[in-house]
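Structure first, then comments.
All of the numbers you see were taken from the coordinates with simple rules; none came from a lab. Quantities reported herein were computed from a predicted structural model and do not represent experimental measurements. Cβ: placed from backbone, ideal geometry, glycine included. Neighbour counts: every protein chain shown.
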Amino acid sequence: MTYHARFLSSRGEQAVSEDEARTRLLEHAGELDPDQLRQPRIVLVAGAFMPSTSATAVWLSEMGLDITLQRVQAYRTSEEKVIVTVSQLFPVPDVEDFTISPQRAEVAATQTRRRGKREQSTVVRLARAGTIPDGTVLTMQPVQIDTEAQESIKEWIAEDPSRGRAAWSNTARHPLRWEHDGQDYRPSAIAQTALREATGIERSLRGPSWWFTPEGQSLTEVAGETPQAGFDWGGLHTILNAMPAGRWTTYGALADVVGTAAQPLGGHVTSCPDCVNAFRVLDSSGRTRAGFRWTDETDQRTQQQALEADGVTFLGDRADVVQRLSADELSALAGERDPGPALRRL
């Protein structure tokens, strides 16, 4: 807060203390979540971008970095007025990205999505590595919330110790079996339930930081020690290779299962020769992607034509939602669970 206090003072205000500077910053920015601050976002703004810059942006996106390229252009009208336009070159937004919604709701939804992606990445990495043996009992310890809320949750757990214990399994989708009710959950789901039941507060949390191994390490800490050289797209390739004819999925659904975000996954699928059956992946509304292209440049079919020949029914420009693969079916294709008789028959 020292630098913010100096900044405020440099603007002509009388000496501002560090405590006052912190108060003003929190009023402006809200809660300073250390995990969120560790996730950088880069926006490059220019009149034009060299091909090398664009290629680097795509590569960084595939590595999981949130990066955007925006082009700014100025035009002079016949009335000697200057008009400035801003267009996003990368990533190319979907139609649903332009949907107008209240700013507060959009900010909250963005934070929730980011936390969810980070949680999924942590869990997927641990499940694939098998670092924690199946059946290991983890304990819940509230962190990254105020002291009063922490004490309330500790009292809530003390009333029934089973609320604070869960058994780990190396299954990426729902790796924790909560001792309290015997059901399977993601780490964040139990943490959010604890916060709500103990304090009445509803908010998103990064659950892996709340769950600790018998050695005293959080899931986040254990995942940080798990070797990872770039993102492993092997799970995505497995799913795409196993996708049955007459079915489709979305970039977002695939990203949830393999533990990344839809943006880098879409960039990878577009340029990866190992991503077979990529034509069976649509946007979140079930529409084909404008930027879709075949690795075989001689193939002149549209994505919709290929899907219809594959057995997918379109209602207008949208694929039939009945033929969309569920999250459980995608997990089964990844080898994380038994596919069940319905998917095995396909």
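When the expected Rg is taken as 2.2 N^0.38 Å, what fraction or multiple of it is the alpha-carbon Rg of segment 41-93?
The value comes to 1.38.
If we count other beta carbons within 10 Å of each Cβ, what is the order of His268, His237, fewest first?
Exposure proxy ranking, most exposed first: His237, His268.
Translational D (Stokes-Einstein, µm²/s) of segment 109-225 at 20 °C and 1.002 mPa s when Rh comes from the Kirkwood sum over C-alpha pairs?
Roughly 152 µm²/s, to the nearest whole number.
Determine, at each q value in 0.16 (inverse angstroms), the log₁₀ of I(q)/I(0) that the Debye formula gives when each Cα of segment 234-344 is one equal point scatterer.
Computed log10 I(q)/I(0) values: -0.68.
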